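The values are calculated or read from the model by the stated rules, or taken from the named source; none is laboratory data. On a predicted model such as this, the values are computed, not experimentally measured, just so you know. Here the Cβ positions follow ideal geometry from the backbone for every residue, glycine too, while neighbour counts run over all protein chains shown. The accessibility values were calculated without ligands, DNA or RNA, using every heavy atom of the protein model including side chains. Shrake-Rupley method; radii C 1.70, N 1.55, O 1.52, S 1.80 Å.
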Amino acid sequence: MSILSYGFMQRALLAGILIASVCATLGVFLILRREAMIGHGLAHLTFAGVALGLLVHLWPMGTALLVAALSALGIVKLREKAGIYEDTAIGILSSIGMAAGVILVSLAGSFNVSLMSYLFGNILAIAPSELWSSLALASTVFVVIILFYQELLFTTFDSESAKVSGIRVKRLEAMLAALTAAAVVLGMKVVGLLLVAALLVIPSAAGLQMAGNFFQAIVLAIIIAVVSVLLGLFTSFYWNLPASGSIILFASLCFLGSLALRRLRAGLIRLCSGPDNSYKINEE
Amino acid sequence: MSDHHPYPLVYVQGVNFAYGTTLVLSEISLEISKGDFLAIIGPNGSGKTTLIKIILGILRPDSGQIKLFGQDLGSFSKWEKLGYVPQSASQIDSLFPVSAREVVAMGLLSGKKFPRLITRADEKAIDEALELVDMGKFKTRRIGELSGGQQQRIFIARAIVNKPDILFLDEPTTGVDAATQTRFYDLLGSLNQVQKITIVLITHDIGVVSKYVNKVACLNQKLIFHGNHEEFCRSSVVEDFLRGEQHLLCHRH
């Protein structure tokens, strides 16, 4: 296929598939922990990190990663120590991040194309060096998730019992927040800061509609994320549309499809289980 | 019933705990020995759940000492000796996509070191635990698709999959019908008598559990009573406190 003969497209496909997979995997944990909005909040805070990088002429992805990771830990600590709800902590810190970002960008005089690529994503412009750094970061996130998979699942499902099993729940929660920060920074290259939360939430939400167990939910979320990236990139290439918006719209279509499939499945089960419309299994 | 053992499995001495300025537990001291089937009873807000959470290290007491298996709670590390069925087990998110097998597998993590991976050998333990609670055929079912009684059995399987010495259950039959409750308590009685698992049960079903328990702790911020079943039935302090409900626990069906 001619599309794959272009170097920039090869890099975009490789980075897009890996980063979307990381986001989808983390998204399943975040949704079930009722922390879906953390991606949205971290994206705002990451904007301040990008702006800082532009101001001091450092690698913006590096400063973004640093600010996002510190912010993620800040959200966890604010929730623990200040005794406030997580969405309140996210609301406060993300507003601070956005306000600081606007000021820093203004000071740097960087309201330009470069900033737009961070806000709206520019996956087709990923440089080879960015690809390698993205691959390294994404691989690290994946390895950590695989190593802590069982503990993350237990903590997500029942954190109290996980603690009684000797699992260091708070440490694990901080780690998950830091991994999410890394995913937000990675996702920034694919769909931009304004849409990165969607990459974390929508494929995972779609996977959760159809899964029979947790592992299936992750596999389905990854498949949906990868398909969305592929369709988004092809659409972008052939119809000259923004890749970021295309990817998220395809993911949203997958989500709607998963909702329809779930309703269909529930209807079939009700139909098979008799007139009481109950699909709970009988005691005996 | 209690076997000779060099130390109590649970030792609680002078525990105090307050949520902010609200005192919840005052000078609680008790011991739980191997083989006990202890029922902790008391009115709503009497501190029963708080006491269990302090014993298990989920909450930190304001003062007092906790020892598990003779070891201070702060340095205790043999979590595989404990099984826990929390109150929240009866309020699980029915949309959470986790299978019965995955829930039971969680119980194995306490006995593992990093990386805590589930191996093929663990699958046998999972199958055995599910069979013990008569839920083997529901292994691959999503937990939210099971009835309340079946979900409780899965949580019991999770708590016993590591073959713990002591099992803590916090109002495990909330929202479960009477017939299922009886089957559930029969299972606990069997775990205590046959599997020799010490059981600590917070319950409101004092009539239903009477034929299984051999120790009773009656709590209302302070420990009103702690002793064996027979002493409980003769206690005038308990009679005053329970106001007519004492006989429910003393009448063994």
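Report, for the protein assembly as shown, the % of DSSP beta bridges that are antiparallel, rounded to 5. Please report the intermediate quantities before stating the final value.
Numbers: 21 of 38 bridges.
Restricted to the protein assembly as shown, the bridges split so that about 55 percent are antiparallel.
Shape verdict for the range A:15-67, please, from the Cα gyration tensor: rounded (a/c under 1.5), prolate (a/b greater than b/c) or oblate. Cα axes put the range A:15-67 in the oblate bin.
On the protein heavy atoms, probe 1.4 angstrom, tell me the percent of accessible surface of the protein assembly as shown carried by carbon and sulfur. Reported share for carbon and sulfur atoms: 60 percent.
Counting only heavy atoms of the protein chains, get the accessible area per residue of chain B (1.4 Å probe) and round it to a whole Å² value.
43 Å²
Build a GNM of chain A with springs between Cα atoms under 10 Å apart, and of A:VAL141, A:VAL229, A:VAL190 the one that fluctuates most is A:VAL141. Round to the nearest 10 and give me the degree value, 0 to 90, for the angle of helix A:169-191's Cα axis relative to the longest principal axis of chain A. It is inclined by approximately 60 degrees. Only DSSP H runs of four or more residues enter the estimate; each adds -39500 (n - 2.57), and after division by the residues of chain B the mean residue ellipticity at 222 nm equals -8500 deg cm²/dmol.
Taking Lys and Arg as +1 and Asp and Glu as -1, the other residues whose beta-carbon sits under 15 Å from that of B:THR140 total 0.
For the range A:212-232, accessible area lost to neighbouring protein chains reaches 10 Å² or more, against the chain alone with a 1.4 Å probe, at A:GLY212, A:ASN213, A:PHE214. With the simple model of a label 7 Å out from the Cα in the direction of the Cβ, B:ASN214 to B:ARG60 spans 3.7 nm. In chain B, the longest principal axis of the Cα atoms and the axis of helix B:178-193 are about 90 degrees apart. Extending 7 Å from Cα along the Cβ direction at A:TYR6 and again at B:HIS204 yields two label points whose distance is 6.6 nm.
Classify the range A:2-272 as rounded, prolate or oblate from the Cα gyration tensor: take a ≥ b ≥ c as the square roots of its eigenvalues, call it rounded if a/c is under 1.5, otherwise prolate when a/b beats b/c and oblate if not. Write down the numbers at each step before the final one.
Details: a/c = 1.79, a/b = 1.11, b/c = 1.60.
Oblate shape, in that a/c is at least 1.5 and b/c is the bigger or equal ratio.
Per-residue surface analysis assigns A:THR88 an accessible area of about 60 Å², computed on protein heavy atoms at 1.4 Å probe radius.
In chain B, what percentage of the DSSP-assigned beta bridges are antiparallel, given to the nearest 5? Show your work: numbers first, answer last.
Values: 21 of 38 bridges.
Of all bridge pairs located within chain B, approximately 55 percent are antiparallel.
Measuring only protein heavy atoms, the 1.4 Å probe finds A:LYS170 accessible over about 130 Å².
A loss of 40 Å² or more of accessible area (1.4 Å probe, protein heavy atoms, ligands and nucleic acids excluded) relative to the isolated chain is seen in these residues of the range B:176-196: B:ARG183. Placing dummy labels 7 Å off each Cα toward the beta-carbon, the span from B:LEU117 to B:GLU31 is 4.5 nm.
Using only protein heavy atoms and a 1.4 angstrom probe, determine the accessible area buried between A and B, summed over both sides, in Å² to the nearest 100. Don't skip to the answer; put the middle values down first.
Values: alone 14320 and 12370 Å², together 23380 Å².
Roughly 3300 Å².
Take each of the peptides B:157-164, B:184-191, average the number of other beta-carbon atoms within 10 Å over its residues, and list them starting from the highest. Please list the in-between numbers first.
Values: B:157-164: 23.9, B:184-191: 18.2.
Listed from highest to lowest mean packing, they are B:157-164, B:184-191.
For chain B, the list of Cys residues with no other Cys C-beta under 4.7 Å reads B:CYS218.
For the range A:2-272, the residue among A:ILE31, A:VAL219, A:LEU268 whose Cα projects farthest onto the positive side of the dipole built from Cβ charges is A:LEU268.
How much accessible area per residue does the range A:83-153 have, in Å², with a 1.4 Å probe?
Details: 3520 Å² over 71 residues.
Value for the range A:83-153: 50 Å² per residue.
A Cβ-based charge dipole, computed about the Cα centre of the range B:147-247 with Lys and Arg at +1 and Asp and Glu at -1, lands at about 340 debye.
First check a/c for chain B, with a ≥ b ≥ c the square roots of the eigenvalues of its C-alpha gyration tensor; if it is under 1.5, answer rounded, and if not, answer prolate when a/b is larger than b/c or oblate otherwise. Here chain B falls in the prolate category.
These residues, B:THR182, B:THR22, go from largest to smallest accessible area, 1.4 Å probe, as B:THR22, B:THR182. Lysines near A:LYS163 by alpha-carbon distance under 21 Å, same-chain residues fewer than 8 away left out - which ones? The reachable lysines, counting only those whose Cα sits under 21 Å from A:LYS163, are A:LYS77, A:LYS81, B:LYS48, B:LYS53, B:LYS67, B:LYS78, B:LYS81, B:LYS112, B:LYS113, B:LYS163. I'd like the orientation of helix A:60-81 relative to chain A: the angle between its Cα long axis and the longest Cα principal axis, in ° from 0 to 90, rounded to 10. The answer is roughly 50 degrees.
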